[in-house]
1. Can you give me the angle between helix 2-23 and the longest principal axis of the chain, using Cα atoms only, in degrees from 0 to 90, rounded to the nearest 10?
2. Taking the Cβ of each residue in F99, F37, F84 as the centre, tally the other Cβ atoms inside 10 Å and list the residues starting with the fewest.
3. Which value, in debye to the nearest 20, gives the size of the charge dipole of the chain about its Cα centre, when Lys and Arg are +1 and Asp and Glu are -1 at the Cβ?
4. How about K48: which aspartates and glutamates have a C-alpha closer than 18 Å to its C-alpha, ignoring those fewer than 8 places off in the same chain?
5. Rank these for me by crowding, M72, M23, going from fewest to most other beta carbons within 10 Å.
6. What's the exposure ranking of S118, S81, going from fewest to most Cβ atoms within 10 Å?
7. Pop out the ³J(HN,Hα) list for segment 99-116 in order, Karplus 6.51 cos²θ - 1.76 cosθ + 1.60 with θ = phi - 60°, rounded to Hz; leave Gly and Pro as x.
8. Using a Cα-Cα cut-off of under 15 Å, which aspartates and glutamates could be cross-linked to K102, ignoring same-chain neighbours fewer than 8 residues away?
Amino acid sequence: MGAHGGFKDTQAKQDQAKMAALMGVEAKGVKLVAGRFKGRQKVIGTLKNAGDRTIKGIKVTLSYFDAESRLMDVDASWLSSIAFLKPGEQANVAANRGFDRKTGAPARRVSVKVTALSLVDGGRK
């Protein structure tokens, strides 16, 4: 196996743990509400860690759709509001956005997907 075989096995286990953790984060109650200022919207919702590992460094991708379900905009960002999310815990999240630049229209629907994260213990159980 050699020195690199052990590293590859460890890396594969960490990758599997990250994938399981990604699958275990649930977005709940996500909705669009009026923003604080004219021409702005706010996305609010809750992320729940349904997995068995403490996570940190959560990145979400928000996809915004118009009244005809056409994609208007996509925004990916790391959530600085969540330092750690232990198994079973949930945290409220919010994001602001402006109306569509071309049409001036607000989004009618938003989709939230957790696209990246880090595990506190590096994926070890």
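Any read-out appearing in this document is the output of simple, stated calculations on the displayed coordinates, not a laboratory observation. Quantities reported herein were computed from a predicted structural model and do not represent experimental measurements. Cβ placement follows ideal geometry from the backbone for every residue including glycine, while neighbour counts extend to all protein chains displayed.
1. Once rounded, one gets 30 degrees.
2. Details: F99 17, F37 8, F84 13.
Listing F99, F37, F84 from fewest to most nearby Cβ atoms yields F37, F84, F99.
3. 360 debye
4. Cα-Cα hits under 18 Å: E26, E89.
5. Numbers: M72 20, M23 11.
So the ranking, lowest neighbour count to highest, is M23, M72.
6. Details: S118 15, S81 12.
Taking fewest neighbouring Cβ atoms as first place, the list is S81, S118.
7. 4, 3, 5, 6, 9, x, 8, x, 6, 9, 8, 9, 10, 10, 9, 7, 10, 7
8. Result set, ordered by chain and number: D66, D73.
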